[in-house]
C-alpha cells in the first residue's frame, strides 16, 4: 500500500491494487472521502499533480480515526449509502423515512429493517 499526503488540502490518500487497476482512496479528518479507480499511468499523473509520498501520513490517519469528527463522518457516510441504496431500488418512500428521522443515530437504527425490506444484506 502506498500512503500519500495531498498537496493542496488536508487529506491522506491510500493506494491499493484492485485487479489490474489502482484504487486511490481519500481520507479527511472527518472520515472517508471518496475513491477513484485508475490505471498505473493515471495514478502516477494524479500523484505527480496533487500528492506527495508520505509513509508517515499513516500515523495522521490513525490519529484522525480516534476523533469525534471521524465518528460523525462515518455516520454521515453510512446515512448516504443507505439513502443511495433506497434510491437505487426506486424506494424514495424509504429514503424519506431516513430523512424524517429525528437525528442521524435514529436514521441509522432504521437501516437494518430497510435493508431487509430491500432484500439487501449490507450497504457495501
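The values are calculated or read from the model by the stated rules, or taken from the named source; none is laboratory data. Just so we're clear, the structure is a prediction, and the values are computed from it rather than from any experiment. Positions of Cβ are backbone-derived with ideal geometry, glycine not excepted, and every protein chain shown enters the neighbour counts.
Among the residues of region 91-113, count how many are in a helix (DSSP H, G or I) and farther than 16 Å from residue 75 by Cα. Steps first, please.
The initial filter retains those residues of region 91-113 that are in a helix (DSSP H, G or I), namely 92-99, 104-113.
Okay, now just the ones that are also farther than 16 Å from residue 75 by Cα, so 92-94, 96-97, 113.
Qualifying residue count, region 91-113: 6.
Which of the residues that make up region 109-120 are surrounded by fewer than 17 Cβ atoms within 10 Å (Cβ to Cβ) and closer than 28 Å to residue 27 by Cα?
At the first step, the residues of region 109-120 found to be surrounded by fewer than 17 Cβ atoms within 10 Å (Cβ to Cβ) are 109-110, 112-113, 116-120.
If the condition is that a residue be surrounded by fewer than 17 Cβ atoms within 10 Å (Cβ to Cβ) and closer than 28 Å to residue 27 by Cα, then 109, 110, 112, 120 are the ones that fit.
Hand me the list of strands (runs of 3 or more DSSP E) wholly inside region 1-90 holding 2 or more residues that are closer than 25 Å to residue 106 by Cα. Explain how you work it out, then say what you get.
On the way: elements: 2-6, 12-18, 21-28, 31-38, 51-53.
Correct list: 31-38.
Would you be able to say whether some residue in region 67-75 is surrounded by fewer than 18 Cβ atoms within 10 Å (Cβ to Cβ) and touching a helix residue (DSSP H, G or I) at 6+ places or on another chain (Cβ under 7 Å)? Step through it out loud before you land on a result.
We begin by selecting, within region 67-75, every residue surrounded by fewer than 18 Cβ atoms within 10 Å (Cβ to Cβ); these are 67-69, 71-72, 74-75.
Applying the additional criterion that residues be touching a helix residue (DSSP H, G or I) at 6+ places or on another chain (Cβ under 7 Å) yields 75.
Yes, that holds for at least one residue.
Between residues in region 38-65 that are more than 11 Å from residue 7 (Cα to Cα) and residues that are assigned to a helix (DSSP H, G or I) and modelled with pLDDT of 95 or more, which pairs lie under 6 Å by C-beta distance while being six or more apart or on different chains?
Sorted first by the residue in region 38-65, then by its partner, the pairs are 64/70.
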